[in-house]
Amino acid sequence: MQLSDQELVDINCHLEEKTSTEIVEWAINQNKKTVVTTSFGYNSAVTLHLVTKVKKSVPIVWVDSGYNLEDSYVVAEKLIQSLGLNIYVYNPVMSAARREAVHGANFGVPGNPKFEKFKNQVKLEPFQRALKELQPEIWISGIRREETEYRRNLGIVSMDARGILKVSPLFNWTENDVSDYMRKYSLPSCRHYFDPTKVDSQTECGLHLSQFEQGGGI
């Protein structure tokens, strides 16, 4: 699925005044192979709840690095059961315990070849496996404009070099919007979350980075 810059701008203009549910409906109604990604991190339940209200059977992709904390796994299981998620779990080829036994628990630092290799093994390779197996044309995610500098340059919809149309129904939401939704629907959220591929909340783990990405911002 490939769209021009102008088509992306037109779609973003069309969706700018739509609700998040309407954005999800728009994505589902394109009748393309669609997936949702989740980390089961803080407030991940919002996107999952929004999507499953529209269509229960959409594949939910979870790249589980093996380094999540107990709280995250407990909340993940609650959401899988309560929302009836059509979950697809992708793990690294090497388990966390085996990796630490062989290579130690030091992941390295960003920019260091050791860290980049680690990030590829626990996050990027499993995700590429998911894309190869599910072959999505549309990818719904919970990213928001205010989260990172990189994301501010995207739009509600954007397209990467792989030809996947990324749809972000929460793109214009604030942290307060997210909190209000979580309270309204009494959705569970983990209080302790750890992503070993991110240094801090302003860092991209790599899943949303793609060379020559087209942004549809307006």
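Couple of notes before you dig in:
- Exceeding the 24 Å Cα-Cα cut-off - candidates 53/166; 119/184; 56/119; 117/198; 33/123: 119/184; 56/119
- In nm, spacing of pseudo-spin labels at residue 153 and residue 82 (7 Å Cα→C-beta vector): 3.8 nm
- Of the accessible area of region 1-143, computed with a 1.4 Å probe over protein heavy atoms only, carbon and sulfur atoms account for 51 percent.
- Bridgeable aspartates and glutamates around residue 18 (alpha carbons under 18 Å apart, same-chain partners fewer than 8 residues away excluded): 7, 10, 177.
- Protein heavy-atom accessible surface, 1.4 Å probe, per residue over the chain: 50 Å².
- Dipole magnitude for region 1-131: computed about the Cα centre from +1 point charges on Lys and Arg Cβ and -1 point charges on Asp and Glu Cβ, it is near 560 debye.
- Cβ-based charge dipole, region 9-147, positive-most Cα from 19, 43, 107: 107
- Restricting the calculation to Cα atoms, every distinct pair contributes to the Kirkwood radius of the chain, found to be 17.9 Å.
- Backbone HN-Hα couplings from phi across region 111-123 [Karplus 6.51/-1.76/1.60, Hz, Gly and Pro as x]: x, 7, x, 5, 5, 5, 5, 4, 4, 5, 5, 9, 10
- Principal-axis tilt of helix 125-134 within the chain, Cα atoms, nearest 10 degrees: 40 degrees
- Multiplying the residue separation of residue 98 and residue 146 by 0.36 nm and subtracting their alpha-carbon distance yields 13.6 nm.
The values are calculated or read from the model by the stated rules, or taken from the named source; none is laboratory data. Everything numeric in this text was worked out from a predicted model, so none of it was measured. A quick note on method: Cβ atoms are made from the backbone with ideal geometry, for glycine too, and the neighbour counts reach across all protein chains shown. We work out accessible area using only protein heavy atoms, side chains counted, and drop any ligands, DNA or RNA first. Shrake-Rupley method; radii C 1.70, N 1.55, O 1.52, S 1.80 Å.
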